[in-house]
């Protein structure tokens, strides 16, 4: 399988075929691109009326009404998805449910709000400059997570929101090729909850079973109280660890995302955190708006960590949690009741289903 990030690999010829699916070539067929004529279906644009077939006739999917689903890609394997590009209006990223099905598994192995998959779940306006995810102005969302599949890969989007989405642009590029025996399946699961002060542990990923490795976390942390919020530890319970006794335990929230000292550069002059985006670690958004249309708005933070050079490998099971912890006056830890949402990315030796998202209101950013 091609190493997408290797200059040595790009110079090698291999027995593989590149294909790409978009609204202009919905099946990724050989010679199947740019075949639509104006008026062929509801997705054709009137802007091409004077040009005709072969021009930009069907660049996107239109009329994405509430409750409607589109199958973006349905590919016979073996192969690997190498790149996904998508864009929608910046107000609907969490309305859209993204699901990916592999092989014969009846449940999706990826089930997330669209924006969260691309580290853009807060307001659709984040700029991300990382290795597997890049989001560029304005709202050009790119994924380079390798997505191997052996028999079939099906990608579906559903509008769970209250209004019609007029345009959905996308392109899915993949390689048809034989896979090595150790090629695993990318999974992504989403969870959102308000933590409890009595037990302020947020479940990033509930227990999964199989052999694999944990590949990344994207998190939106919405404070429900003022003050510092990032003292909590991330914990990896692996291969039958007892409750309360994880094999891997971090030292703090900002530590896990690669920062330190509250992300603040000068504690004496300016206590505002400094955002950043790097290949494997990022804090692309820190929103401190005093009010919005719904009244006072408390701070919101968007962060990511990709475990690409340091995957967390497990043999039989994995569970991941994050504490919500801040400070009381007097420098004592304070458990927090905060609103947290997380997307967990992981690879497994077999495709398996991930949890439901719940009703769409649960996804709305505050």
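By average Cβ neighbour count within 10 Å, what is the ranking of 57-65, 93-101 from highest down? Don't skip to the answer; put the middle values down first.
Working: 57-65: 19.0, 93-101: 24.0.
Result, highest mean first: 93-101, 57-65.
Subtract the Cα-Cα distance of residue 315 and residue 182 from 0.36 nm times their separation in residues, and report this length gain in nm to one decimal.
Length gained, residue 315 through residue 182: 46.5 nm.
Modelled label-to-label distance, residue 272 and residue 53, 7 Å Cα→beta-carbon offset: nm?
Spacing of the two 7 Å Cα→Cβ label points: 5.6 nm.
Given 0.36 nm per residue, what is the gain on full extension from residue 261 to residue 196 after removing their alpha carbon distance, in nm?
20.9 nm
Give the residues of segment 72-87 whose amide nitrogen is closer than 16 Å to a point set 7 Å from the Cα of residue 20 in the direction of its Cβ.
73, 81-87, by backbone N distance to the label point.
Rounded, prolate or oblate: which one fits segment 137-263, using the alpha carbon gyration tensor with axes a ≥ b ≥ c (rounded when a/c is under 1.5, else prolate when a/b beats b/c, else oblate)? Don't jump to the answer; show the numbers that get you there.
Details: a/c = 2.07, a/b = 1.31, b/c = 1.57.
Verdict is oblate for segment 137-263.
I want to check the label-to-label distance for residue 74 and residue 169. Put each point 7 Å from Cα in the C-beta direction and report it in nm to one decimal.
Rounded to a tenth, the inter-label distance reads 2.7 nm.
Taking the Cα centroid of segment 175-206 and of segment 52-111, what is the distance between the two, rounded to the nearest whole Å?
Going from one Cα centre to the other spans 20 Å.
Over all pairs of distinct alpha carbons, what does the Kirkwood formula give as the hydrodynamic radius of segment 262-366, in Å?
17.6 Å
With springs only between Cα atoms under 10 Å, which of 351, 106, 299 fluctuates most in a Gaussian network model of the chain?
Among 351, 106, 299, the largest GNM mean-square fluctuation belongs to 106.
Between residue 209 and residue 337, 0.36 nm times their residue separation minus their Cα-Cα distance comes to what?
Value of the extension gain: 43.1 nm.
Looking only at 174, 333, 345, which one moves most when the chain is put into a Gaussian network model with springs between Cα atoms under 10 Å?
333
Rounded, prolate or oblate: which fits segment 68-180 when a ≥ b ≥ c are the square roots of the eigenvalues of the alpha-carbon gyration tensor, with rounded for a/c under 1.5 and prolate only if a/b beats b/c?
It is oblate, given that a/c is not under 1.5 and a/b is not larger than b/c.
Using only the Cα atoms of segment 7-149, build the gyration tensor, take square roots of its eigenvalues as a ≥ b ≥ c, and label the shape rounded, prolate or oblate: rounded if a/c is under 1.5, else prolate if a/b is larger than b/c, else oblate.
Verdict is rounded for segment 7-149.
Only the coordinates and a few stated rules stand behind these numbers; no lab work does. None of these values were measured; they are calculated from a predicted model. In this analysis, Cβ positions are derived from the backbone assuming ideal geometry, glycine residues included, and neighbour counts consider all displayed protein chains.
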